[in-house]
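**Q** Got a structure for you, written out below as structure tokens; questions coming shortly.
The values are calculated or read from the model by the stated rules, or taken from the named source; none is laboratory data. All values derive from a computational prediction rather than experimental measurement. Neighbour counts are summed over all protein chains in view; Cβ atoms, including those assigned to glycine, are modelled from backbone coordinates with ideal geometry.
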Amino acid sequence: MNTPTASIPPDYRRDAHGRLVPVAHIKEVDLLRDSTVAELAAEAKKLNAQLAEFRVKAHSTIQAFAELSAEKYGAKLRGKKGNLTLITFDGRFKIQRAISDQLVFDERLQAAKTLIDECINEWASGSRTELRTLINDAFQVDRAGKIDTARVLGLRRLDIKDERWKRAMKAIGESLSVASTRSYIRVYERVGETERYLPINLDLANA
């Protein structure tokens with residue numbers, strides 16, 4: 001456990017290993033690096049807190065407006081789902097709220113893959129090469145070990161009458177569930193009098 005800074009004796013600094021080092025024994029460049037990083041990190045923490053506060057405020061304000069607008073028509077919104085785009089009266093600024101579900105598959109996906117493999121092996125012929133490639137790509141995992149949900153669900157658009165294939169597609173549908181929901185706030189400003197909008201970046205890399 002690190003000892004609080006207040007307990008460090010005067011003219012000493014605690015190093016990364018928790019040892020107390022006399023300031024007189026620390027190189028000037030190391031002290032300068034320490035103060036530079038500490039100053040920028042402190043500002044970064046403040047900005048992070050401000051962004052978190054803005055995110056909460058933006059979502060609650062947009063939701064409150066959506067509910068108020070719905071009340072004008074005697075409707076009551078249920079939940080906070082749904083994407084919204086709000087534009088200022090003069091069209092200069094635009095705010096978008098996007099809400100997306102993070103979908104995952106359970107163990108039934110393996111049953112679907114087994115049935116699909118049975119179909120492919122039975123149909124094996126030169127004319128089915130493209131289909132095999134499509135299926136292998138759909139079940140390929142990325143670097144994080146996750147399967148591309150869109151590719152797997154795309155298999156259900158294929159019009160194949162085989163009963164095993166139909167059971168596989170049913171297993172895919174039933175194996176799908178919502179793991180979490182993510183929400184995004186994007187703010188845009190119109191470019192002059194054009195119809196083009198540029199994002200007001202809240203990402204440090206693109207600001």
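**Q** Considering only residues that are loosely packed, with under 14 Cβ neighbours inside 10 Å and small (G, A, S), look in region 146-168 and name the one that is nearest to L134 (Cα to Cα).
**A** G154
**Q** Under 8 Å between Cβ atoms, which residue pairs at least 6 apart in sequence (or on different chains) link something in region 81-99 that is in the same structural domain as I185 (by TED's automatic domain parsing) with a partner that is part of a loop (DSSP other than H, G, I, E, B) and among the hydroxyl-bearing types (S, T, Y)?
**A** From residues that are in the same structural domain as I185 (by TED's automatic domain parsing), the pairs are K94/T88.
**Q** So which pairs qualify, if the first residue must be in region 179-207 and small (G, A, S), the second must be in a strand (DSSP E or B), the Cβ gap must be under 6 Å, and the two must be at least 6 apart or on different chains?
**A** A179/Q102; A179/V104; S180/Q102; S183/I99
**Q** Further, regarding this structure: Could you check how many residues of region 70-94 are more than 25 Å from V178 (Cβ to Cβ) and at pLDDT 90 or above?
**A** Keep residues of region 70-94 that are more than 25 Å from V178 (Cβ to Cβ), which gives 71-74, 86-94.
The next check asks that each one be at pLDDT 90 or above; those that pass are 86-94.
Here the count works out to 9.
**Q** Being farther than 30 Å from A179 by Cα, among the hydrophobic types (A, V, I, L, M, F, W, C), in contact with an Asp or Glu (Cβ under 8 Å, 6 or more places away or on another chain) and exposed (fewer than 13 other Cβ atoms within 10 Å of the Cβ) narrows it down to one residue among A24, A16; which is it? Before the answer, list the steps.
**A** Details: A16 fails: in contact with an Asp or Glu (Cβ under 8 Å, 6 or more places away or on another chain).
Result: A24 is the single residue among A24, A16 that is farther than 30 Å from A179 by Cα, among the hydrophobic types (A, V, I, L, M, F, W, C), in contact with an Asp or Glu (Cβ under 8 Å, 6 or more places away or on another chain) and exposed (fewer than 13 other Cβ atoms within 10 Å of the Cβ).
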